[in-house]
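Reading through the structure tokens given below for one structure.
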There are 2 protein chains.
Amino acid sequence: MTEAPSQQGNRLDRRKARTRAALIRAAQTLIAEGRTHVPILEITQAADVGMGSFYNHFETKEQLFEAALESVLDSYGQLLDRVTAEIEDPAEVFATSFRLAGRLHRREPDLSRVLLNNATRLLSAEDGLAPRARRDIQAGVDAGRFQVEDVDLAVTMAAGALLCLGQLLHDQPERDDAAAADRLAENLLRMFGVPARQAHRICRLPLPDPSSARGDGSAA
Amino acid sequence: MTEAPSQQGNRLDRRKARTRAALIRAAQTLIAEGRTHVPILEITQAADVGMGSFYNHFETKEQLFEAALESVLDSYGQLLDRVTAEIEDPAEVFATSFRLAGRLHRREPDLSRVLLNNATRLLSAEDGLAPRARRDIQAGVDAGRFQVEDVDLAVTMAAGALLCLGQLLHDQPERDDAAAADRLAENLLRMFGVPARQAHRICRLPLPDPSSARGDGSAA
């Protein structure tokens, strides 16, 4: 049986995509287990792909973990999008996402540590949380809810607060993560021009339960 | 000639300290040259110490560069201390240090990159900029200049802003670094409870020249 070159190309592309996805899934499992120091051979065995095919996709283990982390953060961003989809006030959308993301550092400590180790590079990522923060802050500006002259600087403040909160929570295990995340969200809202009393109220609203939005509505 | 054991111990301690200092100086030169990927052998040769003595002091190259960076940041912190020593308003002390530190990312890009790669770990360092920020914010609170309930969270916001500013400036080479650093300093002052008009004025004051304070007053 012969195939047209384009079909061969497509099949090869699909196989490459499957290999890459398997490597990323294996890396995500290792991140979740806090085992990011394993050798590449162990990653390729867990992914059930050949050792050599690793280097068709990634130059280093760090590059794979970064891609895996970006993909995790993008999924988390999609989850936050679903959880906040029904909220009308852009200030509350931003605060809700920040308050939930701030709670991740304790609830997913291994993910948090990989996030901290790749902290600033992730600010430049095209997927994940930073572009969503930019979108939400811009929506607040467009709605006249935020007085922010430079959206990139506002994202910088929010991302910096979220990352350094993670380090603070790891350094101070006795600290109340929810209270700290809510306080920082309130600070950010005030900095974006939301009146202090409103910022305080918004950051004390009950939070939606992210686990209820994990699926895509397919629960029976 | 015989020596008492304690003298031998002291001489050994001094030699160990000299070796460590030579390794750290070599690492600082490599950081300044943007050459942090050289093999350990090249570092020990530059430091003029034996390859084996490296492992008496550091387990990994990363550990050496982290120590070198902490030492650079501590020196920079001492410089900021001298530059701001004559300023009476604690809000202006904090703003001046932040505005100068924010300008480092462009003026010392290699130092900035190593800083970003070790971003969150440096928040927990005992020397360097984070403890100075804590001291300065606490001074503002004590003087009634800042209304900050949780100084650690305030340091978190300031450190996060400084680090993520670095990434933003690397990602947007055309951006005015001085304007961005001043704007973030103003945001932070407002967040710490300084009235908006004062925060604006303080962050537009002429900055002291750090190079004039590099020495310890020994210039003829």
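Could you identify the single residue in A:67, A:85, A:101, A:91 that is on the phi < 0 side of the Ramachandran plot and either assigned to a loop (DSSP other than H, G, I, E, B) or among the acidic types (Asp, Glu) (or both)?
Details: A:67 fails: either assigned to a loop (DSSP other than H, G, I, E, B) or among the acidic types (Asp, Glu) (or both); A:101 fails: either assigned to a loop (DSSP other than H, G, I, E, B) or among the acidic types (Asp, Glu) (or both); A:91 fails: either assigned to a loop (DSSP other than H, G, I, E, B) or among the acidic types (Asp, Glu) (or both).
Unique residue meeting the criteria: A:85.
So which residues in the range B:167-198 are in a helix (DSSP H, G or I), without any contact (Cβ under 8 Å) to a residue 24 or more places away in the chain and either among the small types (Gly, Ala, Ser) or closer than 17 Å to residue B:92 by Cα (or both)?
Within the range B:167-198, the subset in a helix (DSSP H, G or I) is B:167-171, B:177-191, B:196-198.
Then keep just the ones that are without any contact (Cβ under 8 Å) to a residue 24 or more places away in the chain; that gives B:168, B:171, B:179, B:183, B:190, B:196-197.
Answer for the range B:167-198, where residues must be in a helix (DSSP H, G or I), without any contact (Cβ under 8 Å) to a residue 24 or more places away in the chain and either among the small types (Gly, Ala, Ser) or closer than 17 Å to residue B:92 by Cα (or both): B:179, B:183, B:190, B:196, B:197.
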Quiz prompt | Positions within the range B:94-118 being open to solvent by 50 Å² or more (accessible area, probe 1.4 Å) and either within 12 Å of the chain's Cα centre (by Cα) or of a type outside the set (D, E, K, R) (or both), in sequence order | solution = B:108, B:109, B:117
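Of everything in the range A:79-93 that's out of contact with any Pro (no Cβ under 6 Å at 6 or more places or on another chain) and not acidic (Asp, Glu), which residue is most open to solvent (accessible area, probe 1.4 Å)?
Restricting attention to the range A:79-93, the residues satisfying the condition of being out of contact with any Pro (no Cβ under 6 Å at 6 or more places or on another chain) are A:80-82, A:84-93.
After this cut, where a residue has to be not acidic (Asp, Glu) as well, the list is A:80, A:82, A:84-85, A:87, A:90-91, A:93.
On the way: A:80: 10, A:82: 98, A:84: 12, A:85: 69, A:87: 38, A:90: 24, A:91: 0, A:93: 21 Å².
Among those that are out of contact with any Pro (no Cβ under 6 Å at 6 or more places or on another chain) and not acidic (Asp, Glu), it is A:82.
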Quiz item: Would a scan of the range A:42-58 turn up a residue that is charged (D, E, K, R), without any contact (Cβ under 8 Å) to a residue 60 or more places away in the chain, open to solvent by 60 Å² or more (accessible area, probe 1.4 Å) and within 20 Å of residue A:131 (Cα to Cα)?
Solution: no
Quiz item: Can you tell me which of A:106, A:82, A:145, A:135 is away from chain B (no Cβ under 11 Å), closer than 28 Å to residue B:185 by Cα and in contact with a helix residue (DSSP H, G or I) (Cβ under 7 Å, 6 or more places away or on another chain)?
Solution: A:145
Self-check item: Test: residue B:163 is within 13 Å of chain A (Cβ to nearest Cβ), modelled with pLDDT of 90 or more, within 17 Å of residue A:159 (Cα to Cα) and open to solvent by 10 Å² or more (accessible area, probe 1.4 Å)
Solution: no
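This table checks each residue for (1) more than 13 Å from every other protein chain (Cβ to nearest Cβ); (2) in contact (Cβ under 8 Å) with a residue 60 or more places away in the chain.
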| position | (1), (2) |
| --- | --- |
| A:67 | yes, no |
| A:110 | yes, yes |
| A:119 | no, no |
| A:131 | no, no |
Quiz item: Taking residue A:206, is it in a helix (DSSP H, G or I) and more than 10 Å from chain B (Cβ to nearest Cβ)?
Solution: no
Quiz item: What's the number of the condition residue B:34 fails, among (1) open to solvent by 20 Å² or more (accessible area, probe 1.4 Å); (2) under 26 Å from residue B:129 (Cβ atoms); (3) without any contact (Cβ under 8 Å) to a residue 40 or more places away in the chain?
Solution: (3)
Exercise. Please work out if residue B:113 is basic (Lys, Arg) and either closer than 16 Å to residue B:75 by Cβ or part of a loop (DSSP other than H, G, I, E, B) (or both).
Key: no
Self-check item: Complete set of residues in the range A:119-149 that are open to solvent by less than 40 Å² (accessible area, probe 1.4 Å), outside any helix (DSSP H, G or I) and on the phi < 0 side of the Ramachandran plot
Solution: A:125, A:146, A:148
Quiz item: Here is a list of conditions, (1) within 11 Å of chain A (Cβ to nearest Cβ); (2) touching a Lys or Arg at 6+ places or on another chain (Cβ under 9 Å); (3) more than 20 Å from residue A:187 (Cβ to Cβ), and residue B:177 meets all of them except one; can you say which number that is?
Solution: (1)
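The values are calculated or read from the model by the stated rules, or taken from the named source; none is laboratory data. Please read these numbers as outputs of a predicted model, since none were measured by experiment. Because the Cβ atoms are built from the backbone with ideal geometry, glycine has one as well, and the counts that use them run over all protein chains shown. With ligands, DNA and RNA removed, areas are computed over all heavy atoms of the protein, side chains included. Shrake-Rupley method; radii C 1.70, N 1.55, O 1.52, S 1.80 Å.
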